[in-house]
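Visitor: Quick one: the structure is below, and I'll ask about it shortly.
Every read-out reported here was derived from the displayed coordinates using simple, explicitly stated rules and does not represent laboratory data. Just so we're clear, the structure is a prediction, and the values are computed from it rather than from any experiment. Here the Cβ positions follow ideal geometry from the backbone for every residue, glycine too, while neighbour counts run over all protein chains shown.
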Amino acid sequence: MATASCLQSEDQFLCPICLDVLIDPVTTPCGHNFCKNCITKHWDTSDKCQCPMCNEMFDKKPEMRINTFISEMVAQFRRSAQQKASSSEQQVFKPGEVPCDVCTETKLKALKSCLVCLTSYCETHLEPHLTASSLKRHQLIDPVENLEDRMCPKHDKPLELFCKTDQTCVCMLCHVSDHKMHDVVPLKEAYEGKKAELGKTEAEIQQMIEKKQQRIRKVQRNVNFSEKCAEEEIEIGVTVFTTLMQYVERSMDFLINTIEEKQKTIKKQAEDVIKELEQDISELKRKSTEWKRLCSVSCSEDHLRLLQSFSSLKVAPPTKDWTEVSIPPSSYEGIVVTVAVQLEKTFSEDMKKLLEAELKRIQSYAVEVTLDADTAHPELILSDDGKQESRVSLLANFTLRFKLKKRPNGL
């Protein structure tokens, strides 16, 4: 009925020309209402001046003035329609809300639930519980679903009490019969106790969460610190071993060059001796040829010629005594050991400098010992007991342990 009344009222305020709610309503002499703009345009485009509703003819175009009474009624109708639309939109049942059990067509949102009637009511259907004296005594609560679960299945009475002994909700008859000697309290008191217990449990859970989050932050800090240390140690290790390889390469080049230079010297000495010996051999061969020729003259028994030829020959030049001249095989023993010892000395000195620089950098991390992980230096790893731990670098370990053993003589 209310909907029909609303539609009927709306029909009364519709313009017959545009079929919309009247705007600046005017009334013709025959008593029909139109939008001022609609009727003016209609008469401007028509040859005859007549009413579009009853076709009554007018001798001249009537002077149209806005009907203030109709205008106020239209404005009131618009406001009422907007309020109803807004109210209906706010009260319509939505998923997750409790619907009104009385509404039949469009389910509206319930505002209260009655524990006596076991019914949930919207604003309209709740009115009798707020006005009727017999219904005012009913217990109203915030809207809930499944009201039957709030009734005692044994006595069909509201569950108004809580038995602490059995940890269950009971009705008044249950308290008198089955739970007479038990510790029974009102639901509100039990609710407050459970709420406090839940709050305490929630606080404990939050504390446990916070501790675990702190542990996660600590582990993450250690991981980040470990990554940084790994990068630093890799960089230091590359520097150390690159330096070591450079030293080894230079020492190996020095060793090879030393041996090769010594071998070149020995070879040059031998070549000089061989050249001088070859010259002596050539001279001796020439003398030998002369002596052979003289021997051939002596064989002819020509005494004069032999004496003349013999006197023309010079005495053989004295030759060098080569018994004391020798080129003994060169000995390279000790060269490798000497180069290795020098390599160790040079490397140790440079590594000592690097180590001192690294230890100074580590000492710069030092802070007072603290049990608070959040205030500790970010580049210090905290042990499980909360104490700070300093780290020993790869450079320190490497330099302290690196000892190049000397080779025994003769190897």
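Visitor: Got a sec? Charge dipole of region 86-242, +1 on Cβ for Lys and Arg, -1 for Asp and Glu; which of Gly193, Gln220, Pro143 is way out at the positive end?
Guide: Gly193
Visitor: Jot down the radius of gyration and Dmax of region 91-132, Cα atoms only, both in angstrom.
Guide: Both quantities, over Cα of region 91-132: 9.8, 31 Å.
Visitor: What ³J(HN,Hα) values, in whole Hz, does the Karplus curve 6.51 cos²θ - 1.76 cosθ + 1.60 give for region 282-293 when θ = phi - 60°, with x put for Gly and Pro?
Guide: 5, 5, 5, 5, 4, 5, 5, 5, 4, 5, 5, 4
Visitor: Rank these for me by crowding, Cys30, Cys51, going from fewest to most other beta carbons within 10 Å. Provide the component values of the computation, followed by the final result.
Guide: Working: Cys30 14, Cys51 19.
Lowest to highest Cβ neighbour count: Cys30, Cys51.
Visitor: Ok, one more. What size of dipole, in debye to the nearest 20, comes out for region 143-213 about its Cα centre when the only charges are +1 on Lys and Arg C-beta atoms and -1 on Asp and Glu C-beta atoms? Don't skip to the end; give the middle numbers.
Guide: Values: 11 positive and 14 negative charges, 34 e Å.
Here the size comes out at about 160 debye.
Visitor: With 31 Å as the limit, write out which pairs from Lys107/Lys195; Lys154/Lys195; Lys107/Lys164; Lys107/Lys194 have Cα-Cα distances beyond it, or answer none. Could you put the intermediate results ahead of the total?
Guide: Values: Lys107/Lys195 33 Å; Lys154/Lys195 28 Å; Lys107/Lys164 39 Å; Lys107/Lys194 34 Å.
Cα-Cα > 31 Å for Lys107/Lys195; Lys107/Lys164; Lys107/Lys194; rest within.
Visitor: May I ask for the net charge around Leu135, where only other residues with Cβ less than 14 Å from the Cβ of Leu135 are counted and Lys, Arg are +1 while Asp, Glu are -1? Walk me through the intermediate numbers first.
Guide: On the way: positive: Lys112, Lys136, Arg137; negative: Glu127.
That works out to +2.
Visitor: Is there a quick way to get the dipole size of region 131-282? I mean about its Cα centre, with the Cβ of Lys and Arg at +1 and of Asp and Glu at -1; what is the value in debye to the nearest 20? If you can, show how the numbers build up before the last one.
Guide: Details: 24 positive and 29 negative charges, 280 e Å.
The calculation lands at about 1340 debye.
Visitor: Using the 10 angstrom Cβ neighbour count as an exposure proxy, how do Ser113, Ser46 rank, fewest first?
Guide: So the residues, fewest neighbours to most, are Ser46, Ser113.
Visitor: While we're here: Going by C-beta contacts inside 10 Å, put His125, His155 in order with the fewest on the left.
Guide: Details: His125 18, His155 15.
Fewest-to-most ranking of His125, His155: His155, His125.
Visitor: On to the next question. Which of the lysines could a cross-linker span from Lys292 if the Cα-Cα distance has to be under 16 Å and same-chain partners fewer than 8 positions apart are dropped?
Guide: Hits, sequence-local ones excluded: Lys314.
Visitor: Residue by residue, what Karplus-based ³J(HN,Hα) values in Hz, rounded to whole numbers, does region 198-206 have, using 6.51, -1.76 and 1.60 with θ = phi - 60° and x for Gly and Pro?
Guide: Values, residue by residue: 5, x, 5, 5, 4, 5, 5, 5, 4 Hz.
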